[in-house]
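Bear in mind that the values in this text are calculations on the coordinates, not laboratory data. Quantities reported herein were computed from a predicted structural model and do not represent experimental measurements. Cβ sites come from the backbone with ideal geometry, for glycine too, and all protein chains shown count toward neighbours.
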Amino acid sequence: PSILKKYQAQFKHILVDEFQDTNYAQYQLIKLLAPAKTKPNLVVVSDDDQAIYAWRGAALSNVLNFKRDYPAAKVVSLVTNYRSLKPILTAAYNLIQHNNPDRLEVKLKINKRLRPTRKPLPRVRQSADLRGQIVALPTESAEVDWIIKKILELVAQANYTYQDFAILTRANSQLEPFVLALRRVGLPYQLIGNRGLFDQEVIHQLIFFLKVVLNPHDSLSLFQFLHHPYFSLAPETIFTLTHQAQRHSTSIWDMLNQEPTTYASIINLVTQFQAQALTDSPTKLLYTFLHHTQHIQYLLQSRTVESELAIKNINLFLDLIKRLETDLRGPTLPQLIEYLDALLQAGANPAQAEIEDIDTIRLITIHSAKGLEFPVVFVPSLVAGRFPAINRRDPIEFPDQLVKDTLPVGDTDIAEERRLFYVGMTRARDYLYLTYALNYGGVRDRKPSGFLAETGLPVTNITDVNLPLLAVAPPPASVIKLPYRKIKLEHLSYSQIDTFKACPLKYKYRYVLKVPAAPHHALSFGQSLHDTLHHFHQLELQGDKSTLKHLLQLYTRHFNPEGYTSPAHKHARFRSGKKALRQYFKVYRQVLGQPLELEKSFRLNIAGVPLVGKIDRIDATNQGLEIVDYKTGQSQTKKQVDIDEQLTIYALGAQQALNLDINVLSLYFLESNQKVSTTRSLTDLKNYHKHLEQVVHHIQTSDFPAKPGHPFP
């Protein structure tokens, strides 16, 4: 009760968005925090017609019973629609009416008929059909061809771009014919679907690599790993090895070792990484493997949407492994594999990468499209058995008596499928095309989905699709090439500016494509000393006794072991860090002022882009306020520090974002125990601000040429 009272007092106003997606436990929590008898300040926002997540525990009854549980609640029906044109809304409303009486519109006697506010744009008015339509085609290939032809027509006639189109399906597998066709004709696309990070082929390769290193006799993992493009093995060779292993009741690994000359590259790679796994972290193994196989370089050369997505997914996976290593406190490879397997078995699947602001056709499952909108939407494969999907019951059914959700009187599976269909329809702004084929490769013709007739849309029967473009396949190199796009800068930092000036292509790899790069020992060493000194001075400000022993203990705790070339190199740098801290401890009170701020963040606007940074310390001294930035590595001269851009950015941030007048700027070189100071005038800062605006413009419009030592103005 005391904990409940604490949170009830803390949360005076509660707003729950997407209330239809809450489960039973979440609703009980809401009722505990905001009991009806207290007349709470509670707002829930919901659309029962978009409740499509029952399969993951969402309870529609939460919405249907809310008014019963909170009888004093005021009901506000939001019916103004800013997205879709009237014919689309009418068809969707016709469909969803078939879920009555288990809808709020009936139960609460309210009006949920959406009123459009948009008028057709000039490009839309050019079309003869503004109602949306149902299109019937003879075969699946004709259905795919017709949709691509319609996209090309609208791009040519109505001034749409590829990113205005979405193909939405009930299941991931129904997107595959469109992937093949769009590749064949060279149209740019992104496959989003329902699949997560662990479902991506490039991530499979990395997971199977780790499993093979752990146990090369794991034939299932080795079979998959042998398909890696680095080995250039023909599928027939892999299947022959598998068959021989099964016939001799042995592992594929044993079969490889029977022909050590033929399969030397595979055997050597696995044994090399088995040896490395004894000393290196799983993250370092992955970085080394990617470097060894040159897989990233291969992806960079292809310059396709698929390759950019693959790079981004690799980066997401490496970030995940780093977090797991931190959470599990340096796990061994067996421990990490065990944890990954547990995640997979539990159904955990982080989101895959996407590329925003790029002109591509979107291929998405309807579940993944919820909350999105597109000017033109195609929903294909609308036949019985596909949509609504055939209900696949669990092998062991959960008794209705134990279900906490209040079950509606109708067919709950069909009602949920109808809501999913409704969500798909209402993603469209201008055009909605619902399509199906009579034949999808079976012996018998398929029946159209029963949902189609419920929409009231007219049916157009097409028997011939004249799309000569599909008959001529362009060269494979032209498939889904990345179009030029202006770079969207979410934020800017000194490191980004410095990298772009050094080499624009390096900037693209690091900050646009986010190409995975192994941790470098210089960065690890510098971060170790920074974190140590921040922690030390933070405790000092809090009144803790500052001793050399305590400082060195903090260093041991904060030392980052990543990126060093060998254990001997790591130990040598660890000792040099201790030496630097001993020297620092002897003199810091004499050469530094009283710290007012530690790790002080700032954010200022440069041509509409946030420039962000973090100042190591701001000190009060006899000369006024001083910015101090710790540095590891070689010392710089006074002349170099006078033009140091990072210090200029810090001075600009302190002045414009923190409203501080800085008198002195200093770099403290820890390994040489030397502080070098400088100043910046108001004119210096004003001129540099203008320079930064030019930098932002150059980055946003650059095609990122490979120019090491690029002479930036």
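With the Cα gyration tensor of the stretch 521-699 in hand, convert its eigenvalues to equivalent ellipsoid semi-axes via √(5λ) and list them largest first in whole Å.
Working: eigenvalues 174, 78, 45 Å².
That gives 29, 20, 15 Å for the three semi-axes.
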What is the distance, in nm, between label points placed 7 Å from the Cα along the Cα-to-Cβ direction at S576 and at W55?
5.6
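Please get the size of the charge dipole for the chain, origin at its Cα centre, with Cβ charges of +1 on Lys and Arg and -1 on Asp and Glu, quoted in debye to the nearest 20.
About 1820 debye.
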Set the Förster distance to 51 Å, then compute FRET efficiency between L539 and N215 from the Cβ-Cβ distance, nearest 0.05.
0.65
Run the paramagnetic zone check for L596: 7 angstrom along Cα to Cβ, then residues of the stretch 632-671 with backbone nitrogen under 17 Å.
650-666
Can you tell me what share of the DSSP beta bridges in the chain is antiparallel? A percent to the nearest 5 is fine.
40
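Report the full-extension gain for the segment D254 to A73: residue separation times 0.36 nm, less the Cα-Cα distance, to one decimal in nm. Provide the component values of the computation, followed by the final result.
Working: separation 181, 0.36 × 181 = 65.16 nm, distance 7.03 nm.
Full-extension gain reported as 58.1 nm.
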At 0.36 nm per residue, minus the direct Cα-Cα distance, what do H292 and S265 gain on full extension? Give it in nm, one decimal, please.
8.6 nm
Tell me which lysines have Cα within less than 16 Å of K31's Cα, excluding those fewer than 8 residues away on the same chain?
K5, K6, K12, K39, K67, K404
Fewest to most neighbouring Cβ within 10 Å: what's the order for V106, V202?
V106, V202
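Kindly provide the helix-only [θ] at 222 nm of the chain, computed as the sum of -39,500 (n - 2.57) over DSSP H runs of four or more divided by all residues, to the nearest 500 deg cm²/dmol? If you can, show how the numbers build up before the last one.
Working: 29 runs with 314 residues, N = 713.
Here the helix-only value at 222 nm equals -13500 deg cm²/dmol.
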Semi-axes of the equivalent ellipsoid of the stretch 197-345: what are they in whole Å, largest first, if each equals the square root of 5 times a C-alpha gyration tensor eigenvalue?
25, 20, 14
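For a quick check: sort E259, E416, E671 by the number of other beta carbons within 10 angstrom, fewest at the front.
On the way: E259 11, E416 21, E671 18.
Going from least to most buried by this count: E259, E671, E416.
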Against the longest alpha carbon principal axis of the chain, how many degrees, from 0 to 90 and to the nearest 10, is the axis of helix 305-327 turned?
60
Residues M255, M425, sorted so that the one with the fewest Cβ neighbours within 10 Å comes first
M255, M425
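V45 to A156: FRET efficiency via 1/(1 + (r/R0)^6), r the Cβ-Cβ distance, R0 41 Å, to the nearest 0.05? Please report the intermediate quantities before stating the final value.
Details: r = 41 Å, r/R0 = 0.99.
Once the sixth-power term is evaluated, E becomes 0.50.
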Compute the FRET efficiency between Q26 and L180 as 1/(1 + (r/R0)^6), taking r as their Cβ-Cβ distance and R0 = 25 Å, and round to the nearest 0.05.
0.05
So for the stretch 521-699, if I pair up every lysine 8 or more residues apart or on another chain, how many of those pairs have alpha-carbons under 12 Å apart?
4
For Rg/Rh (Cα atoms, Kirkwood Rh), the choices are (1) 0.99; (2) 1.16; (3) 1.01; which was calculated from the structure?
(3)
